[in-house]
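To keep things clear, I will list the structure first and then write my remarks on it.
The values are calculated or read from the model by the stated rules, or taken from the named source; none is laboratory data. On a predicted model such as this, the values are computed, not experimentally measured, just so you know. Neighbour counts run over all protein chains shown; Cβ positions are idealised from the backbone, glycine included. Note: areas computed on protein heavy atoms with side chains; ligands, DNA, RNA excluded. Shrake-Rupley method; radii C 1.70, N 1.55, O 1.52, S 1.80 Å.
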Amino acid sequence: MEVVKRHSLAPEEVEKKKQSFSKLVDQGVEVVPESLRPYMKKAGPLLNLLYSLYFIINPFIWAAKEIFDKVMMILPLEVIEMIIGFFLCFLGGNFILIMAAYKAFMLCGWETTKRNFEDLKEEYAKAKTIVDELLQKDNDGDGVRDLDQLNQAQIMMGRLSTFASACKDPAKITRALAGIFSALLGVVAALSSNTAQVIVLGSSMGQTLYHLLKPFVEPPLKKRIPEDNHHWIATILSSVTMMIATSVAMIIQQIISIAQTSIHGAQQLTANFFIFCGAKGWFSVDPNSQ
């Protein structure tokens, strides 16, 4: 696609960057402690592979962002919300974990996280400007940039040192990273709690089912299984009932999630439909009626 080509680097430039990164990894082996060098050498090919994959994936990421931005500019936000609500009405049950993660992220502070990313972007832009200026300097006046007289490890350490000096408000960066981390923790907690609910419900149902079936199932099994293996009957019966109960608990959880997601999707679809119609002037909408 043309949009992908626009965000792709020339093959010569990509190869140059790969060679530069490979040299940096090789030089990094020499500066790490002796005990870490064997691990660094083994990690070298993997790091080079990941760096190569970065140049393959990166154009598609930027192309997707460009397409998304164009769609956001063409379609009103209410229409996008209506489309999402429509899919939630009929397909929400297939994406339970995604929906749980999405809702947790929104509840744990999407607006705060967005501001945190903007703060990080602002600090990065300031530091990058200073770094780019320093990299062009020729302090000894020999006609060659100081950058070109350093190895890759020294260049990397110089960049990090300059970035650290350029960021005048470390607390701002710390707050931003903490905010992003808190939002991610909320997502993890939401997903873990959903799984924990299924396990707890399945365990409770399994114990009840085991005690209900034991008087009817255990005597016939004792007649058909050798006496030396009777001690396995309770364990096997307990395991089977636990598996059955957990499966039923997962189905129950899915039904509850489908119902909840469908209701949320329908509400989102209708609310944004009326907002969109009101914005077009097709009929008046009371903003306090939502």
Examine the stretch 24-44 for a residue that is more than 21 Å from the chain's Cα centre (by Cα), surrounded by 14 or more Cβ atoms within 10 Å (Cβ to Cβ) and among the hydroxyl-bearing types (Ser, Thr, Tyr), and state whether such a residue exists. no
Among (1) in a helix (DSSP H, G or I); (2) open to solvent by less than 90 Å² (accessible area, probe 1.4 Å); (3) farther than 30 Å from Gln268 by Cα, Leu50 falls short only on (2)
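Look through Leu269, Leu191, Leu237 and report the one residue that is over 36 Å from the mean Cα position of the chain (by Cα), assigned to a helix (DSSP H, G or I) and either modelled with pLDDT of 85 or more or closer than 28 Å to Met82 by Cα (or both). Working first, answer last.
Working: Leu269 fails: over 36 Å from the mean Cα position of the chain (by Cα); Leu191 fails: over 36 Å from the mean Cα position of the chain (by Cα).
Answer to the check: Leu237.
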Only unsatisfied item for Gln253, checking (1) at pLDDT below 80; (2) closer than 23 Å to Glu81 by Cα, is (2)
Taking the stretch 1-14 and keeping residues open to solvent by less than 90 Å² (accessible area, probe 1.4 Å) and modelled with pLDDT of 75 or more leaves Ser8, Leu9, Ala10, Glu13, Val14
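Just wondering, is there one or more residues in the stretch 203-210 that are at pLDDT below 80, on the phi < 0 side of the Ramachandran plot and open to solvent by less than 80 Å² (accessible area, probe 1.4 Å)? Quick ask: steps written out before the conclusion?
At the first step, the residues of the stretch 203-210 found to be at pLDDT below 80 are 203-204.
Next, only the ones that are on the phi < 0 side of the Ramachandran plot stay: 203-204.
With open to solvent by less than 80 Å² (accessible area, probe 1.4 Å) added as a condition, the list becomes 203-204.
Within the stretch 203-210, one or more residues are at pLDDT below 80, on the phi < 0 side of the Ramachandran plot and open to solvent by less than 80 Å² (accessible area, probe 1.4 Å).
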